[in-house]
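Visitor: After the C-alpha cells below, expect a handful of questions from me.
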Amino acid sequence: MNPIAIAQYGLIAATNRFSESAQKISNMSVEGVDIDLVREVVDMKLAKAGVSANAAVMRTADQMQGTVLDILV
C-alpha cells in the first residue's frame with residue numbers, strides 16, 4: 001500500500017470534482033441550463049477539503065519516510 005499514490009488519486013478526483021462544478025457554474029448564463037448554485041458551491045468546498053486532506057496525507061507520508069530513513073542511516 002502506497003499512501004502517496006492513494007493521495008495522488010484523491011487529489012485528481014478532488015480536482016476533477018472542482019472543475020466540474022466550476023464548469024457548471026460558468027454555464028449558468030446559457031439559456032435552458034438549470035444549475036443549483038448552492039449545490040455547486042458546496043461541491044467546490046468539498047473538493048477543496050478533499051485537496052487539503054490528500055495533501056496532508058502526502059506530507060505525513062513523506063515525513064514518515066524521512067523518519068524511517070533517518071533511523072536506518
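The values are calculated or read from the model by the stated rules, or taken from the named source; none is laboratory data. What you are looking at is a predicted structure, and each value in this text was computed from that prediction instead of being measured. Backbone-built Cβ (ideal geometry, glycine too); neighbour counts: all protein chains shown. Each accessible area value is taken on the protein alone, full model and side chains, heavy atoms only, with ligands, DNA and RNA left out. Shrake-Rupley method; radii C 1.70, N 1.55, O 1.52, S 1.80 Å.
Visitor: Out of everything in the range 16-73 that is modelled with pLDDT under 90 and of a type in the set (D, E), what residue ends up being most open to solvent (accessible area, probe 1.4 Å)?
Guide: Per the stated criteria, the residue is E31.
Visitor: Does R39 fit the bill of being assigned to a helix (DSSP H, G or I) and closer than 19 Å to M1 by Cβ? Write out each step before concluding.
Guide: On the way: assigned to a helix (DSSP H, G or I): yes; closer than 19 Å to M1 by Cβ: no.
Taking the combined requirement at face value, the residue does not satisfy it.
Visitor: A further question follows. If you check every pair at least six apart or on different chains, which have Cβ atoms under 6 Å apart with a residue in the range 1-28 that is over 21 Å from V57 (Cβ atoms) first and a residue that is in a helix (DSSP H, G or I) and of a type in the set (A, V, I, L, M, F, W, C) second?
Guide: S21/M44
Visitor: I'd like the full set of residues that are assigned to a loop (DSSP other than H, G, I, E, B) and of a type outside the set (A, V, I, L, M), limited to the range 13-36.
Guide: Answer for the range 13-36, where residues must be assigned to a loop (DSSP other than H, G, I, E, B) and of a type outside the set (A, V, I, L, M): E31, G32, D34, D36.
Visitor: Let me ask something else. Please go through the range 1-12 and give me each residue that is open to solvent by 60 Å² or more (accessible area, probe 1.4 Å) and in a helix (DSSP H, G or I), ordered by number.
Guide: Listed by number, the residues that qualify are I6, Q8, Y9, I12.
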